[in-house]
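*Asks:* Before I ask anything, here is the structure I am working with.
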Amino acid sequence: MRKRQVKKAVIPAAGLGTRFLPATKAIPKEMLPIVDIPTVQYIVQEAVDSGIEEILIITNSNKHCMENHFDRSYELESRLVQSGKTEEYDMICNIANMANIYYVRQKEPKGLGHAILCAKSFIGDEPFAVMLGDDVVENHGGKPALKQLLEVYDDVQASVVGVQKVPEEDISKYGIVEPVNGKISVGRRVQLSSMVEKPKKEEAPGNLAVLGRYVLTPEIFDYLENQEPGAGGEIQLTDSIKKLMISQAVYAYDFEGTRYDVGDKFGFIKATIEYALEREELKASLHKYLKDLVQTLDT
């Protein structure tokens, strides 16, 4: 069988971001910055670093500024050149040249599965990646999370979902996978027998949670097109992946890296602090501030 390469990625970004109101009344949650870089740019950069060539972002009618961010801004570029700010000029030009980025609107908020279905014409008959914008993953000195999944796909030529272990109290927030025979099969890879969307912890098959990275075969669209609403009254991607397992193997991979849930306020704050501590111009001052703050809190 001829091996099929994954060259396209889909980033669902049509959500309303209600957990971050009032900030997201006018600004898409994907444009909220971690230090000074919008969260969606971290996702796009991970895709590019993983070898993805074309990216489709699923948007809605209120996400124009996200499209503008990845476009050229000739007036700003001209002003930066005139001011001699060549470093800033190069930076914004590089953003516009990161990848071939396309957009399609999800006209109704019918869930993640429906958002992925909006990408059918773009994907065609190819395997593809899905990257959720609420999950930012940092793997210092190692391969990007998506790259790890793509390497598993190259080996098994089947769908792969990215997972990590989550605390028991968080199980009900995620899709939980059920491994065949209940154990990891090869390294950090496991073949799946089922998945459960947001189960109660006492009903969950384990604590390996799907965390925002997928590589899917195009056959998933056959199931998404006929998928009935599931949890929350939405078209759930998890339900269609379960049906896909009946006709072909689906794997999970326990990817390496620190994952930040930037769709959660505390997760967003954690990401901001830890990314700031990696910045040469900020880390010394921030480290001192945090140290002083801890001493204040302890008194």
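*Asks:* Relative to the first principal axis of the alpha-carbon coordinates of the chain, what is the inclination of helix 283-298, with its axis defined by its Cα atoms, in degrees from 0 to 90 and to the nearest 10?
*Replies:* The angle comes out at about 80 degrees.
*Asks:* Here's another thing I want to ask about it. Grab the DSSP H runs of the chain that are 4 residues or longer, score each as -39,500 (n - 2.57), total them, divide by all residues and round the 222 nm result to the nearest 500 deg cm²/dmol.
*Replies:* Taking each H run of at least 4 residues, the total per residue is -10000 deg cm²/dmol.
*Asks:* Write down the percent of antiparallel bridges among all DSSP beta bridges whose residues are both part of the chain, to the nearest 5.
*Replies:* 60
*Asks:* Return the label of the correct value of Cα extents along the principal axes in Å, as calculated from the structure shown, out of [x] 57, 48, 38; [y] 58, 55, 31; [z] 60, 53, 36.
*Replies:* [z]
*Asks:* Any lysines with Cα under 29 Å of the LYS7 Cα? List them, leaving off those in the same chain fewer than 8 positions away.
*Replies:* LYS7 reaches LYS29, LYS63, LYS107, LYS110, LYS120, LYS143, LYS147, LYS165, LYS242, LYS243.
*Asks:* Based on Cβ point charges of +1 for Lys and Arg and -1 for Asp and Glu, what charge dipole magnitude is obtained for the chain about its Cα centre, in debye rounded to the nearest 20?
*Replies:* Roughly 300 debye for the chain.
*Asks:* Helix 86-96: angle to the longest alpha-carbon principal axis of the chain, degrees 0 to 90, nearest 10?
*Replies:* The answer is roughly 20 degrees.
*Asks:* Could you work out how far the C-alpha centroid of region 122-198 sits from that of region 5-61, in angstrom?
*Replies:* Here the answer is 19 Å between Cα centres.
*Asks:* Right, another one. Need the list of aspartates and glutamates near LYS291 for cross-linking: C-alpha distance under 15 angstrom, and skip anything on the same chain fewer than eight residues off.
*Replies:* Filter leaves GLU274.
*Asks:* Also, quick follow-up: Which order do LEU132, LEU293 take when ranked by solvent-accessible area (1.4 Å probe, heavy atoms of all protein chains), largest first?
*Replies:* So, going from the largest accessible area down, we get LEU293, LEU132.
*Asks:* Could you sort 163-172, 245-254 so that the peptide with the highest average Cβ count within 10 Å comes first and the rest follow in order? Walk me through the numbers before you get to the answer.
*Replies:* Numbers: 163-172: 15.8, 245-254: 18.2.
Output ranking for 163-172, 245-254: 245-254, 163-172.
*Asks:* Could you put SER121, SER193 in order of accessible surface area, largest first, with the 1.4 Å probe and the full protein assembly present?
*Replies:* Highest to lowest solvent-accessible surface, that is SER121, SER193.
*Asks:* For the chain, take the longest principal axis of its alpha carbons; what is the angle in degrees between that and the long axis of helix 145-156, to the nearest 10 within 0 to 90?
*Replies:* Value to nearest ten degrees: 30.
The values are calculated or read from the model by the stated rules, or taken from the named source; none is laboratory data. Predicted model only: the values in this text are computed from it and were never measured. Don't worry about glycine lacking a Cβ; one is built from the backbone with ideal geometry, like all the others, and counts go over all protein chains shown. For accessibility, only protein heavy atoms count, side chains too; no ligands or nucleic acids. Shrake-Rupley method; radii C 1.70, N 1.55, O 1.52, S 1.80 Å.
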